[in-house]
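Following: one structure in structure tokens, then a few remarks.
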Amino acid sequence: MRDLCRWSKLLGLVLVVLLVPGCEPSQPHQSNDTTTSLKEQSPPVEYLNKRLIEVFGPLPAIASTPFLGLAVLTGTALLVEEPVFANSELRLVQQIRRNSLILQAKPYASWWLFGTFTSLAGLTWLANSGKLRGTFGKFVRIAEDIAVGLLYLMVGADTLMPNTGNVGLPELHPAIVLAGIVPALESSTAILILAALISLVTMMLTRLALDVLIWLSPVPFIDMIFETCKVLFSLAFLAIYFFLSPLVAAMLSLLLLVPCFLLLPWAIRLLHFGYRIVLCPILAQWSPAFVPQLIEPALAQKAGGDGVTLACPAWVLKARGFKKRETVALYRTSSQRTVRPQHAKRRARTLCHAEEEVLLGRALAWIELRVINREGQLLDHYALPLSMMGNFERLLALLGAKDGGAFGVMKILHTMGTGAERASSL
């Protein structure tokens, strides 16, 4: 995971280096020998930089609310062709009409497509605005990210292609492309398309991780508030893009991309946690291949294989010496109970000390393993998938744990259910 963090930071730095030159205005050159050449190349070079800015500018809005972002772009492409706007001489209207991304989207735009994107945006907002609906909503969100990501990259790639002829410019020579955007690299258009792809995927993964984190939070109505804030953010960002300046939006996109790259390792850990803890138990109802075993062969082999009676994965909710949502392995041998990180070069440590106690109970979305001290203070807690409930009694014995009953929201629901039963019996 540390290597992943280093690679994500390095990749982010490389992307910033690649994209910043295209977002900067052209600087005047003082050399008299090259003045004529620069004047000849200036219009196409400036247009290439303009296209890069206009493609990269809306990325945060597309990543935040994909269907809504496409709906706004589609609606804008349709509105600027209406007679009241097509004949307008306002500078802002003409600027939007000349936007290369809008020009490229026009052949695909239609009012039924705008209505479809708007309806899908409303449905995804509704599906992710509640705890119970959120389970289905996350699948919808992943499908939305894939579909919209491919559509936007298709339009963006066409916009960035040197031979795009929407503005009547002559075919651009590769040397001009290199001089205007990435002077030291060949195949600059492909590099910029790849940079846009990586940027969009990074933003979407970070946002999806935040979606999962909010969904796992027990705070009521926080899902609806978060979804509404994302809608407002996307609309505000697109307003900056269209009404203020695509360049300002592109620079803000670069600023947002930096923390997204820094958060990428955390996002991957959280999404892996959601996949193994939330998704796999659902898939386990159709296939036993998704049910974790008490002794996973690969984990048992790491422990030596001899005398291992428990070797199963778990995920850190909060524990001493581990990162949140980090993947660990629980081991039981003839001599001790240990916890070992799976992807970090750290030694295994004992599950608990002599003065500590282990509890095993059921939370709302997982089986929870807790380590407490004599005063009842929570020291460590881990999550195991609900698909292991069939081995609950066996886990109690192997971990030397006591049955803790229900934890967290599950305990509240259990208490409410018991109270309702008592009230109905009176």
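In the list Gly156, Gly137, which residue meets the criterion of being in a helix (DSSP H, G or I), open to solvent by less than 20 Å² (accessible area, probe 1.4 Å), in contact with a helix residue (DSSP H, G or I) (Cβ under 6 Å, 6 or more places away or on another chain) and farther than 22 Å from Ala77 by Cβ? So that I can check it myself, show each step before the final result.
Working: Gly156 fails: farther than 22 Å from Ala77 by Cβ.
Going through Gly156, Gly137 in turn, just one is in a helix (DSSP H, G or I), open to solvent by less than 20 Å² (accessible area, probe 1.4 Å), in contact with a helix residue (DSSP H, G or I) (Cβ under 6 Å, 6 or more places away or on another chain) and farther than 22 Å from Ala77 by Cβ: Gly137.
Test Glu81 against the criterion of being touching a residue at least 12 places away in the same chain (Cβ under 8 Å) and assigned to a loop (DSSP other than H, G, I, E, B), and give yes or no. Walk me through how you get there before you give the answer.
On the way: touching a residue at least 12 places away in the same chain (Cβ under 8 Å): yes; assigned to a loop (DSSP other than H, G, I, E, B): yes.
So Glu81 fits the description; yes.
Quick one: which residue in Val258, Val212, Val248 is surrounded by 18 or more Cβ atoms within 10 Å (Cβ to Cβ) and in a helix (DSSP H, G or I)? Walk me through it before giving the result.
On the way: Val258 fails: surrounded by 18 or more Cβ atoms within 10 Å (Cβ to Cβ); Val248 fails: surrounded by 18 or more Cβ atoms within 10 Å (Cβ to Cβ).
Checking each option against the conditions leaves just Val212.
Quick grid of which residues meet (1) modelled with pLDDT of 90 or more; (2) of a type outside the set (D, E, K, R); (3) in contact with a strand residue (DSSP E or B) (Cβ under 9 Å, 6 or more places away or on another chain):
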site: Leu271; (1), (2), (3): yes, yes, no
site: Val278; (1), (2), (3): no, yes, no
site: Gln285; (1), (2), (3): no, yes, no
site: Pro288; (1), (2), (3): no, yes, no
site: Gln293; (1), (2), (3): no, yes, yes
site: Val316; (1), (2), (3): yes, yes, yes
site: Phe322; (1), (2), (3): no, yes, yes
site: Val328; (1), (2), (3): yes, yes, yes
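Consider Arg207 carefully, then state whether it is open to solvent by 10 Å² or more (accessible area, probe 1.4 Å) and touching a Lys or Arg at 6+ places or on another chain (Cβ under 6 Å). Outline the logic, then answer.
Values: open to solvent by 10 Å² or more (accessible area, probe 1.4 Å): yes; touching a Lys or Arg at 6+ places or on another chain (Cβ under 6 Å): no.
No.
Failed condition for Ser253, given (1) over 30 Å from Gln94 (Cβ atoms); (2) open to solvent by less than 40 Å² (accessible area, probe 1.4 Å); (3) touching a Pro at 6+ places or on another chain (Cβ under 7 Å), with all others met?
Failing condition for Ser253: (1).
Test Thr118 against the stated conditions and say whether it is under 30 Å from Ser88 (Cβ atoms) and either modelled with pLDDT under 90 or open to solvent by 50 Å² or more (accessible area, probe 1.4 Å) (or both).
Values: under 30 Å from Ser88 (Cβ atoms): yes; either modelled with pLDDT under 90 or open to solvent by 50 Å² or more (accessible area, probe 1.4 Å) (or both): yes.
Yes, satisfied.
Being touching a residue at least 60 places away in the same chain (Cβ under 8 Å), farther than 18 Å from Phe139 by Cα and of a type in the set (A, V, I, L, M, F, W, C) is the filter here; which residues of the range 264-296 pass it?
Correct list: Leu264, Val291, Leu294.
Residues are listed down the side, and each one gets a yes or a no for (1) closer than 28 Å to Phe221 by Cα; (2) at pLDDT below 85:
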| site | (1), (2) |
| --- | --- |
| Leu126 | yes, no |
| Lys131 | yes, yes |
| Ile142 | yes, no |
| Ile146 | yes, no |
| Leu150 | no, no |
| Met154 | no, no |
| Thr159 | no, yes |
| Asn163 | no, yes |
| Asn166 | no, yes |
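Test Ala143 against the criterion of being within 26 Å of the chain's Cα centre (by Cα) and open to solvent by less than 30 Å² (accessible area, probe 1.4 Å), and give yes or no. Lay out the reasoning, then the answer.
Details: within 26 Å of the chain's Cα centre (by Cα): yes; open to solvent by less than 30 Å² (accessible area, probe 1.4 Å): no.
For Ala143, the condition - within 26 Å of the chain's Cα centre (by Cα) and open to solvent by less than 30 Å² (accessible area, probe 1.4 Å) - is not met.
Can you confirm whether the range 29-38 contains a residue that is modelled with pLDDT of 55 or more and either surrounded by 12 or more Cβ atoms within 10 Å (Cβ to Cβ) or hydroxyl-bearing (Ser, Thr, Tyr) (or both)?
First pass over the range 29-38, keeping only residues modelled with pLDDT of 55 or more: none.
No - not one qualifying residue is present in the range 29-38.
Take Leu70 and decide whether it is touching a helix residue (DSSP H, G or I) at 6+ places or on another chain (Cβ under 8 Å) and either at pLDDT 55 or above or surrounded by 14 or more Cβ atoms within 10 Å (Cβ to Cβ) (or both).
Numbers: touching a helix residue (DSSP H, G or I) at 6+ places or on another chain (Cβ under 8 Å): yes; either at pLDDT 55 or above or surrounded by 14 or more Cβ atoms within 10 Å (Cβ to Cβ) (or both): yes.
For Leu70, the condition - touching a helix residue (DSSP H, G or I) at 6+ places or on another chain (Cβ under 8 Å) and either at pLDDT 55 or above or surrounded by 14 or more Cβ atoms within 10 Å (Cβ to Cβ) (or both) - is met.
Return the pairs, sorted by first residue and then second, in which the second residue is assigned to a helix (DSSP H, G or I) and basic (Lys, Arg), the first residue lies in the range 236-263 and is touching a residue at least 40 places away in the same chain (Cβ under 8 Å), the beta carbons are less than 7 Å apart, and the residues are 6+ apart or on different chains.
Phe261/Lys9; Leu262/Lys9
The values are calculated or read from the model by the stated rules, or taken from the named source; none is laboratory data. Please read all numbers here as calculations on a predicted model, not as lab measurements. When we count neighbours, we look across all protein chains shown, and the Cβ atoms used for this are built from the backbone with ideal geometry, even at glycine. Each accessible area value is taken on the protein alone, full model and side chains, heavy atoms only, with ligands, DNA and RNA left out. Shrake-Rupley method; radii C 1.70, N 1.55, O 1.52, S 1.80 Å.
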